[in-house]
Number of protein chains: 4
Amino acid sequence: MPKNKRRVSIIGASGYTGSELARILINHPNVSIAHITSETHTEKLFSDLHPQFIGRLDTHLVSSESVRPEDQDLLFLALPHGVSMEFVKRWSAEGIKIIDLSGDFRLSDASIYEAWYKQTHVFPEGFAKAVYGLPGLHEDQICSANLVANPGCYPTASILALAPLIAGQYVDPRQVIVDAKSGTTGAGVKANNTTHFSNVNENFKAYGLGTHRHTIEIEEQLGGLHSSGTAQVQFTPHLLPIDRGILVTAYANMDKAINQKEMTGIFREFYKKAPFVRLRNEAPAVKDVRGSNFCDVFPYVDDRTGKLIVVSVIDNLVKGAAGQAVHNMNLMLGLDPTAGLKDIPMKP
Amino acid sequence: MPKNKRRVSIIGASGYTGSELARILINHPNVSIAHITSETHTEKLFSDLHPQFIGRLDTHLVSSESVRPEDQDLLFLALPHGVSMEFVKRWSAEGIKIIDLSGDFRLSDASIYEAWYKQTHVFPEGFAKAVYGLPGLHEDQICSANLVANPGCYPTASILALAPLIAGQYVDPRQVIVDAKSGTTGAGVKANNTTHFSNVNENFKAYGLGTHRHTIEIEEQLGGLHSSGTAQVQFTPHLLPIDRGILVTAYANMDKAINQKEMTGIFREFYKKAPFVRLRNEAPAVKDVRGSNFCDVFPYVDDRTGKLIVVSVIDNLVKGAAGQAVHNMNLMLGLDPTAGLKDIPMKP
Amino acid sequence: MPKNKRRVSIIGASGYTGSELARILINHPNVSIAHITSETHTEKLFSDLHPQFIGRLDTHLVSSESVRPEDQDLLFLALPHGVSMEFVKRWSAEGIKIIDLSGDFRLSDASIYEAWYKQTHVFPEGFAKAVYGLPGLHEDQICSANLVANPGCYPTASILALAPLIAGQYVDPRQVIVDAKSGTTGAGVKANNTTHFSNVNENFKAYGLGTHRHTIEIEEQLGGLHSSGTAQVQFTPHLLPIDRGILVTAYANMDKAINQKEMTGIFREFYKKAPFVRLRNEAPAVKDVRGSNFCDVFPYVDDRTGKLIVVSVIDNLVKGAAGQAVHNMNLMLGLDPTAGLKDIPMKP
Amino acid sequence: MPKNKRRVSIIGASGYTGSELARILINHPNVSIAHITSETHTEKLFSDLHPQFIGRLDTHLVSSESVRPEDQDLLFLALPHGVSMEFVKRWSAEGIKIIDLSGDFRLSDASIYEAWYKQTHVFPEGFAKAVYGLPGLHEDQICSANLVANPGCYPTASILALAPLIAGQYVDPRQVIVDAKSGTTGAGVKANNTTHFSNVNENFKAYGLGTHRHTIEIEEQLGGLHSSGTAQVQFTPHLLPIDRGILVTAYANMDKAINQKEMTGIFREFYKKAPFVRLRNEAPAVKDVRGSNFCDVFPYVDDRTGKLIVVSVIDNLVKGAAGQAVHNMNLMLGLDPTAGLKDIPMKP
């Protein structure tokens, strides 16, 4: 391992976020992957699970028991929600920097978590420590955080679409509609009827109407940006027959009349220091950002109806998970914020 | 040609609606295909253009010049808008029954047409004769019509999703949002950048924000159902990486408080005589109706937000075009309304 | 149930062959579906499992225990191999006509079955009774059979591609290569890593090199057509990222020199009475036959290399399973061979 | 532009190879992109044509007239065949290093070119100068070449699959079958019926039987490796409904009996210094290499039939085009052969 490189480990090898973290970190100029853990595949190589890494990351998987936090600069938890909280509880006392990619610490407190996740939280104290890791909105806090809750994929695209309008008090935060569409990797690596090829391919459906857990995550974050302190979002996710990509079509009602030029200006100003948000002058497609950490945003004023529409796109595994986690890591370790995240979107 | 069968012809062979009409009509118990026309492929067989028909419909294509309306019971115009109006103008004086699958006669008058289609209309008198062919809403008029304007694909799914709520005065018709997603056959058979495989595959995008021609078609039809006489719809179409299928997610604000049970009852009552509208108790997927004339509808009340959401799905080439045209033909010729339309959706 | 219709039942409701049988039989002019069985979903409707049938086939699933063979004209076994043999054993004594869609009785005897299927056969006597149900090759025997082993999907496409050449002694039956590609429904309805969307989508792979069970089925059938009595086939299946469709590219070495015109003539003659084999004059695509019972075949002589190539395509769920089973049923019950099988391929 | 970086230009901006070269070169540690040319879009930015580059490569496109060869270390010609030869003719006198990604200089002489490409060659002298740029086979010549003909996509996968067997004299070079399957980007960026979404999606077909231009390219290269000096290949390409990826299934007859262990050893030895060829112990999938410069190869001996089968996969735009071109550039400029080519395959 080269000198001067920071040591980071990935807890959880088998899911998509684990392999995507490895894909990005392996070419990161300032960090090295110390360990990748798995409790069920400890006899295997990482490249046995993910053959795309053959010859590049043939490292042995180890149990998380063998990770010594004091030897690590940072840990990524690429674990299911409900499991992740156990690890945060175990390790947060040790002062190690942690980025949790699960949903376990994204909300404001345990009671709200339990209401939406239908599950008991084992580490309610963690909520106070956790910083919501959406760079651009909470950048200073991220830089000094020990525990970052990496945002959900849908919330990342939704909040970035609406934040300038809500923070600028331009729209009614209680009449927001987020119609969201996600690729299938958002449903995880596990084989089940939802992810069966013939149930997804040549198909399209809405799911989780009115009940998806990301609803409250979006509402809390947008509410925090508005003078009223609250937001209500009608959130409808849909399943796209593609691997990667989220497209959000957000609708809002003006509280102040603004025209297209003003709307564009509001977004340009809001994101002038955001290295990964690209303001577009036409509706973006998910392939424009695939494999990259970009979020492309197109705000539109419909003069005929007086409504505001914002279309945003991300790669759910990068900007919606592993890429944003690496961005957060860069901030937490004092590195160049864009280090390791310079890949051009893979199109076609 | 068997006795007693009605003679119908398809004007326009090369597009998807032409081949889909042939696919349905060839197994229709009461009609025979007299001619299929093409101005550019008159030396070819229909099955040369569409090899799926080899051995089943190896009929010679003929020029529309050679179609004698007096020998036909009904003509289907499967032509681009702008072209179709010329044929309607030519033939409507002859008293022949016509179903126009283009957008040329769906709106209320020529001035509105010209504003949205950016094109001069050559037969403004046609609007007064034309009946909007959405069975269930205008069934009596369709039965006695000589000219039926077959509805657009997006409008079919959108209007069927919202008609019970608008007609029942349950929602504000000026705050309706229709977020619609269509398969690529909706973009037509012509090869261009929009339909290039690598621009569609693994991709998803919004298009035509605020300007799509189907907006006014939906607004006019919904407006006609409401006591106020008008409706305003925020309509956003998206392009899905699939061949067939439209899914509409419609959002509306209650004018009268209704709960889930009442909403279901409203839809059940409204569609009790509609043979192709299926009321679902969960959000449908586009593959549930693929290849069939069904429109599956799921109305949902979000108690938390007070909003109404309706999800509807159709096959854009069947219920959104050729199947609905055959349904209209059945009504116009006094046949069993469901004749020729009994195919089960092809899933998987 | 209409008079005069034959009563048939489908044993096994949950798989793709079960639902595809129902899709075809529901519009068959001469038969009615008496029962559809399931041992695990007996409390449900068939349309609960397969929502595409809502409103059309809302029949209650029943246990196979409640099917009285004496009330049935024919039974379709849409069961996994290994399970099917149990039912054949139970019912074959009763004289009921059975079409088994599994692989349990396609081979010549139990020892060969056990060598390739790695499984004990519980009803070795069945092999003598079973007729291999490939109409065109064994039509007379099918007409008088009580037990038909419905061919495998790959074998159907492979045998139809090569039978005219092997039967005519034009090629060396021991140097045949079958490079086959199948859609994912061939892997079944069960969710596992093989059928996970992201493992199939945008992907393509070979599998089962040298060991696939369909190898011996193809070899036995082709061998039976040749004067030598044997054939050796190098069979390589691949998994396509599509739902339906098999394309076979078969390579053979000439034993007699023939040119393109002769080759076309050989195929035309061989299939002159086969209602579902279409001889093409260019390489067919799988979508040309999707949803239909057609097998499109294109034989090609490469003058430069002296090799023969045949490309064939089928829909694996129709001609490769349920459609061919219905064709067999028509023959066994003395009906029009093409009854219920007149659907045009669904393209696009 | 940083000091010490070599200056390279891309001639031809609009195709997939042009954008893929830019995607790779932009993160290459040792080169800078000096110019990207287009004759038809000179008023635009590169990112106008390819929005994935917005914010990363917003460079103005220039006419090739304005490229001064003497200021360039190397030129990539990302042009159609037939056009490329004009540029090579113009520039090769100037001593500038050129990598031609078209097919114009891959064959042995102009007469063979004209026979297979059905087109007059304007620069027959170029064939003597051109080195076939398949690193591993012709590495020394590439290092000292001024003109490299970058291999075709199918030939790259086919030759790498068979070279160890042919070079080792293990198989009959006149009985080779290459059954190849390619993603749709191989058909280019131009919109036509071949690349129309609904003609590709859910579809699969063979094309160019016996006549594809890559046949002769494979034969010449393999022939050059064999003691007989010639090879005859039955090459059948197929079109996959995916963006990227080629899978080759190659069949050969043993001239010497070898077993699986020996076959594996032959490949290991042959590719021991090839940084991008990965020897696999199971059949690889195209997604295992997507977006990367890897070629994964699986050689298999079928003991039952005595045949050898080799499955190989590449990304046609990377190893089959732009990535291999960058590999060649690295060799020609004396850089680390793997520089700029360390991306992990993007999976899922």
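The values are calculated or read from the model by the stated rules, or taken from the named source; none is laboratory data. On a predicted model such as this, the values are computed, not experimentally measured, just so you know. Positions of Cβ are generated from backbone atoms using ideal geometry, with glycine treated the same way; all protein chains shown enter the neighbour counts. Heads up: the accessible areas ignore ligands, DNA and RNA and are worked out on the full protein's heavy atoms, side chains in. Shrake-Rupley method; radii C 1.70, N 1.55, O 1.52, S 1.80 Å.
Only Lys, Arg, Asp and Glu carry charge here, each on its Cβ (+1 for the first two, -1 for the last two); on that basis the protein assembly as shown has a dipole of about 0 debye about its Cα centre. Close amide-amide hydrogen proximity is noted between D:S32 and D:R6, D:R7, D:V8, each under 5 Å apart and 5 or more residues distant or on a separate chain (H modeled in the peptide plane; Pro and chain starts excluded).
Give the relative contact order (percent, whole number) for chain B; include only Cα pairs under 8 Å separated by 6+ residues. About 17 percent, as a whole number.
Computed from label points 7 Å out along Cα-Cβ, the spacing between A:K190 and C:K129 is 4.4 nm. Amide H to amide H distances under 5 Å link D:L147 with D:I98, D:V131, where only residues 5 or more positions off or on other chains count and H is placed in the peptide plane. Estimated at the nearest 10 Å², the accessible area of B:R23 is 20 Å² with a 1.4 Å probe. With its label point put 7 Å out from Cα toward Cβ, D:K261 sits 5.7, 7.5, 8.0 nm from the same residue's point in the other copies, in order from shortest. Compared with the dominant Cα axis of chain D, that is its longest principal axis, helix D:153-167 is turned about 40°. The phi-based Karplus calculation (6.51 cos²θ - 1.76 cosθ + 1.60; θ = phi - 60°) puts the 3J(HN,Hα) values of segment C:255-267 at 9, 10, 6, 10, 9, 4, 5, 5, 4, 4, x, 4, 5 Hz, whole numbers, x for Gly and Pro. Shown for A:K89: label points 7 Å from Cα along the beta-carbon vector, and their distances to the equivalent points in the other copies, 5.2, 7.7, 7.8 nm in ascending order. Computed on protein heavy atoms with a 1.4 Å probe, the accessible areas place C:D179, A:D48 in the order A:D48, C:D179, largest first.
Kindly express, to the nearest 10 degrees and within the range 0 to 90, the angle between helix B:214-225's C-alpha long axis and the longest C-alpha principal axis of chain B. Value to nearest ten degrees: 70. Amide H to amide H distances under 5 Å link A:F235 with A:V178, A:G210, where only residues 5 or more positions off or on other chains count and H is placed in the peptide plane. Treating r as the C-beta distance of C:E70 and B:N4 and R0 as 41 Å, the FRET efficiency rounds to 0.50.
Beta bridges from DSSP with both residues in segment C:154-316: antiparallel share about 70 percent, rounded to the nearest 5. Note on D:H138: accessible area is roughly 40 Å² with a 1.4 Å probe, heavy atoms of protein only. Each Cα pair under 8 Å and six or more residues apart adds its separation to the average, and for segment B:197-247 the resulting relative contact order is 49 percent.
Remark: label point of A:E65 defined 7 Å out from Cα along the Cα-Cβ vector; separations to the same position in other copies 4.7, 7.4, 8.8 nm, ascending.
Against the longest principal axis of chain C, how steep is helix C:16-25, in degrees 0 to 90 to the nearest 10, with axes from Cα atoms? Helix C:16-25 and the main axis of chain C meet at about 80 degrees. A 1.4 Å probe, protein heavy atoms only, puts the accessible area of C:K5 near 60 Å².
In segment D:279-296, burial by the other protein chains removes 50 Å² or more of 1.4 Å probe accessible surface, compared with the chain on its own, from D:K287, D:R290.
Computed per residue of chain D from DSSP H runs no shorter than four, each worth -39500 (n - 2.57), the mean residue ellipticity at 222 nm is -7000 deg cm²/dmol. Model label points for C:N146 and D:T120, set 7 angstrom from Cα along the Cα-to-Cβ axis, are 7.8 nm apart. Between the alpha-carbon centres of segment A:151-177 and segment C:104-149 there is a gap of 64 Å. Here the protein assembly as shown carries DSSP beta bridges of which approximately 50% are antiparallel, counting only pairs with both residues inside. In this simple spin-label approximation, A:T40 and B:T338 carry label points 7 Å from Cα along the Cα→Cβ vector, and these lie 4.6 nm apart.
Rolling a 1.4 Å probe over the heavy atoms of the protein chains gives segment A:30-137 an accessible area of 41 Å² per residue. DSSP loop GluC sites (Glu not before Pro) in segment C:222-289 with at most 16 other Cβ atoms within 10 Å of their Cβ, which ones? Passing sites in segment C:222-289 are C:E282.
Which of the residue pairs C:K205/C:K261; D:K273/D:K307; B:K205/D:K205; A:K342/B:K190 have a Cα-Cα distance greater than 31 Å in the structure shown? Over 31 Å Cα-Cα: C:K205/C:K261; A:K342/B:K190. Ranked by solvent-accessible area (1.4 Å probe, protein heavy atoms only, all chains present), the residues B:S14, D:S32, B:S144 order from largest to smallest as B:S144, B:S14, D:S32.
Chain D contacts chain C over a buried accessible area of about 3900 Å², both sides summed; the probe is 1.4 Å and only protein chains count. For the residues D:T194, D:T305, a 1.4 Å probe over the protein chains yields an accessible-area ranking, largest first, of D:T194, D:T305. Computed over protein heavy atoms with a 1.4 Å probe, the carbon and sulfur contribution to the accessible area of segment A:226-302 reaches 50%. Among the trypsin sites (Lys or Arg not before Pro) found in segment A:98-153, those both in a DSSP coil and sparsely packed, with 16 or fewer other Cβ atoms within 10 Å of their Cβ, are A:K118. For trypsin sites (Lys or Arg not before Pro), the sites in segment A:166-227 that DSSP calls loop and that have at most 14 other Cβ atoms within 10 Å are A:K190.
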